[in-house]
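The values are calculated or read from the model by the stated rules, or taken from the named source; none is laboratory data. All figures in this text were calculated on a predicted structure; none of them were measured in a lab. Cβ: placed from backbone, ideal geometry, glycine included. Neighbour counts: every protein chain shown. These area figures cover heavy atoms from the full protein model, side chains too; ligands, DNA and RNA do not enter into them. Shrake-Rupley method; radii C 1.70, N 1.55, O 1.52, S 1.80 Å.
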2 protein chains.
Amino acid sequence: MAETDRLLEEIRSRNAKTVGLQFPAGLRMRAVELAQEIESRAGVTCIVSADPSFGACDVAEMPVDLTVHIGHAPMPHLRYDRVFFYDLGSPPLKDFAFIDAAAALLPKRVGLLTTVQFRGWLPAVKERLEKAGHEVRTGEPDRRVAYAGQLLGCDYHTATMIEKDVDGYLYVGTGDFHPLGVAMLLPHKPIVIADPERGAARDLGDLRDHILRQRHAAITRAHDAQVFGIIVSKKPGQARMELARDLKALAETHGRKASIFLMDLVSPEFLEGYRVDAWVNTACPRIAIEDVLQYKKPILTPQELEIVLGERDWKDYVFDEIRA
Amino acid sequence: MAETDRLLEEIRSRNAKTVGLQFPAGLRMRAVELAQEIESRAGVTCIVSADPSFGACDVAEMPVDLTVHIGHAPMPHLRYDRVFFYDLGSPPLKDFAFIDAAAALLPKRVGLLTTVQFRGWLPAVKERLEKAGHEVRTGEPDRRVAYAGQLLGCDYHTATMIEKDVDGYLYVGTGDFHPLGVAMLLPHKPIVIADPERGAARDLGDLRDHILRQRHAAITRAHDAQVFGIIVSKKPGQARMELARDLKALAETHGRKASIFLMDLVSPEFLEGYRVDAWVNTACPRIAIEDVLQYKKPILTPQELEIVLGERDWKDYVFDEIRA
């Protein structure tokens, strides 16, 4: 494909001899084929990064002349050294039925949201919605987000920046997590998902309420914790050591103990055995929300620790974001 | 304890402000307590490394002034920058019954082996064996191994160097893996384990035969593999990129395909989805042997790939070691 040609040109212009390739889990089946193609066409040695790849917050450090990161858009505020972002583009949008189904659930003024793999659809979706009588807005990108309307699991800027101009949001994409962040940050706006995998639309209201009950339960369980373990990620785009130090100090002013835990991959089995009463996650915000049931101890967001310590009211609950 | 005092002195002399702590899984329950003690006594901030810690081949990179590595001895050939090896010493050896039981299974000339945590017992064990009429030898350390008689899961130098002077080995310690490597490298010498946890002795012969059958099965399953995935570790003491490149070239001269996979933690779920027919592990040698049943595809050692490709005979089977 054309993107491979663009990569081969980059390899030639850098005179690269070894090339690293980093794939998200969903694209692993293409790794060997692409590595073999690049090796035979460019005369280089390819090295596949087999550490999990979750996003552009986490470009692999590899002993290579050029790292090829596949499946995520660069985060503008991060400095990438010798990294090529291999753009897979968007699949063809053949059928608008799931968009129309979503539009029927939406108010007049709609904010348009998506993830990087469907961003190529936004102009056509906008046109479709406008034909159906909607006013459509798309939030501009900024230092952490590359494309208009793009959501990250840790950054809802393109949604919140147009909050005053829209009465609801259409998220085009699969999965609940990205739009869930918007639903939690903007509880009074309806969020509808147009899901191309299921070919159907759904409203996020019930899930938001379910997650809020879950978060309330985690806060309640952590209420009397004496020792907090504050998790910090090593990944460049997730590392919030300063926040972790602030939270540790905050816990200590309230007579609690806190220790900082630094790690690359945050996973429940790596945190077993430590004598803490509750975890506080400053790494990727998805972890505390999506993986909560996998942890034996309650796992909180930074804002939830503030609630536990009496520094924030439950009515001021906000979803965690990583902002540059 | 005295070791903490020695650490506090090191912190003072370096004027360290932040101190990293790295614990193996079995000592995690002591992490928060030690972190809190160091913070209150030295006025520093401690950061616990929560990535898995398997050995001195893998000292955590942390943004701290001093890293404290707990539970493993340094590997002399590796350069450690601002690392303090916190020596836990050996527990008291109160009862010799399991040593006597092992001695009864051993020939006259005995090589003595152990892991770092029981190394303090060796002089007393030697004396005990000599009183029972044995001649006892202990292999001297070298560039990868810190102490006489010490085994690593990847290095059996202290056993093989005294091979000609002994008729069998006594391994003092828990677990089968360390002495298993010796049993595979030296198939004609009996290896007896004196296990302080079980308080009993056992011979390794049956396990050796079982593992050899398992290895033979893995080699057979990989016989017709067209694509090999060659695993390379990022950990400083396990990284064998040059070997991996050689194995890739060897596979290619035999008309097979091979791609190199670089990773930090080698774990089956991170390798799912890639289109390879068999894995070849150049990281910690334990992985291919101990975890073989967790992998869907056959996972080979470098020497086993040579057998698959017809470059080595099964009768010349050797256990994989990492030698500097």
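Given the conditions (1) over 19 Å from B:HIS188 (Cβ atoms); (2) open to solvent by 30 Å² or more (accessible area, probe 1.4 Å); (3) touching a helix residue (DSSP H, G or I) at 6+ places or on another chain (Cβ under 8 Å); (4) touching a residue at least 40 places away in the same chain (Cβ under 8 Å), report the number of the one that B:GLU140 does not fulfil.
All conditions are met except number (4).
Are any residues in the stretch A:267-297 hydrophobic (A, V, I, L, M, F, W, C), part of a loop (DSSP other than H, G, I, E, B) and either more than 18 Å from A:SER53 (Cα to Cα) or free of Cβ contacts under 8 Å to residues at least 40 places away in the same chain (or both), and if so, which ones?
A:VAL276
Say whether the condition of being surrounded by fewer than 17 Cβ atoms within 10 Å (Cβ to Cβ) and touching a strand residue (DSSP E or B) at 6+ places or on another chain (Cβ under 6 Å) is met by at least one residue in the stretch B:180-188.
No; the residues of the stretch B:180-188 include none that is surrounded by fewer than 17 Cβ atoms within 10 Å (Cβ to Cβ) and touching a strand residue (DSSP E or B) at 6+ places or on another chain (Cβ under 6 Å).
For the stretch B:150-174, how many residues meet the condition of being in contact with a Phe, Trp or Tyr (Cβ under 6 Å, 6 or more places away or on another chain) and assigned to a loop (DSSP other than H, G, I, E, B)?
Here the count works out to 2.
Can you name every residue in the stretch B:266-316 that is surrounded by 21 or more Cβ atoms within 10 Å (Cβ to Cβ), within 26 Å of A:MET29 (Cβ to Cβ), aliphatic (A, V, I, L, M) and under 20 Å from the mean Cα position of the chain (by Cα)?
The answer is B:VAL266, B:VAL280, B:ALA283, B:ILE287, B:ALA288, B:ILE299, B:LEU300.
Going through the stretch A:58-75 one residue at a time, which ones are open to solvent by less than 20 Å² (accessible area, probe 1.4 Å) and either touching a residue at least 60 places away in the same chain (Cβ under 8 Å) or in contact with a helix residue (DSSP H, G or I) (Cβ under 8 Å, 6 or more places away or on another chain) (or both)?
Matches in the stretch A:58-75: A:ASP58, A:LEU66, A:VAL68, A:ILE70, A:ALA73, A:MET75.
Just checking, does the stretch A:93-112 include any residue being open to solvent by less than 60 Å² (accessible area, probe 1.4 Å) and closer than 30 Å to A:ASP5 by Cβ?
Checked the stretch A:93-112: at least one residue is open to solvent by less than 60 Å² (accessible area, probe 1.4 Å) and closer than 30 Å to A:ASP5 by Cβ.
Residues of the stretch B:175-199 being in a loop (DSSP other than H, G, I, E, B) and without any contact (Cβ under 8 Å) to a residue 24 or more places away in the chain, which ones?
Listed by number, the residues that qualify are B:GLY175, B:PRO187, B:HIS188, B:GLU197.
Mind checking which residues of the stretch A:38-57 are surrounded by 16 or more Cβ atoms within 10 Å (Cβ to Cβ) and either within 19 Å of B:GLU242 (Cα to Cα) or free of Cβ contacts under 8 Å to residues at least 40 places away in the same chain (or both)?
Step one: of the stretch A:38-57, the residues surrounded by 16 or more Cβ atoms within 10 Å (Cβ to Cβ) are A:38-39, A:42, A:44-57.
Those that are surrounded by 16 or more Cβ atoms within 10 Å (Cβ to Cβ) and either within 19 Å of B:GLU242 (Cα to Cα) or free of Cβ contacts under 8 Å to residues at least 40 places away in the same chain (or both): A:ILE38, A:GLU39, A:ALA42, A:VAL44, A:THR45, A:CYS46, A:ILE47, A:VAL48, A:SER49, A:ALA50, A:SER53.
When you scan the stretch A:6-63, how many residues do you find that are at the interface with chain B (Cβ under 8 Å from one of its Cβ atoms) and assigned to a strand (DSSP E or B)?
6
Scan (1) more than 18 Å from the chain's Cα centre (by Cα); (2) open to solvent by less than 40 Å² (accessible area, probe 1.4 Å) for the single condition B:LYS131 breaks and write down its number.
B:LYS131 satisfies every listed condition except (2).
Give me a count of the residues in the stretch A:1-29 that are within 29 Å of A:SER267 (Cα to Cα), open to solvent by 10 Å² or more (accessible area, probe 1.4 Å) and touching a residue at least 24 places away in the same chain (Cβ under 8 Å).
So the answer is 4.
Could you please give the count of residues in the stretch A:219-231 that are more than 8 Å from every other protein chain (Cβ to nearest Cβ) and surrounded by 15 or more Cβ atoms within 10 Å (Cβ to Cβ)?
6
Restricting attention to the stretch A:232-266, which residues are assigned to a strand (DSSP E or B) and either facing chain B (nearest Cβ under 7 Å) or without any contact (Cβ under 8 Å) to a residue 40 or more places away in the chain (or both)?
A:LYS257, A:ALA258, A:SER259, A:ILE260, A:PHE261, A:LEU262, A:MET263 - these are the residues of the stretch A:232-266 that are assigned to a strand (DSSP E or B) and either facing chain B (nearest Cβ under 7 Å) or without any contact (Cβ under 8 Å) to a residue 40 or more places away in the chain (or both).
Looking only at the stretch B:80-95, filter to residues that are assigned to a loop (DSSP other than H, G, I, E, B) and under 20 Å from the mean Cα position of the chain (by Cα); which one of those is nearest to B:GLY20 (Cα to Cα)? Break it down stepwise before answering.
Within the stretch B:80-95, the subset assigned to a loop (DSSP other than H, G, I, E, B) is B:80-82, B:87-95.
With the extra rule that they be under 20 Å from the mean Cα position of the chain (by Cα), the set shrinks to B:80, B:87-90.
Details: B:TYR80: 14, B:ASP87: 16, B:LEU88: 17, B:GLY89: 21, B:SER90: 23 Å.
Restricting to residues being assigned to a loop (DSSP other than H, G, I, E, B) and under 20 Å from the mean Cα position of the chain (by Cα), the top hit is B:TYR80.
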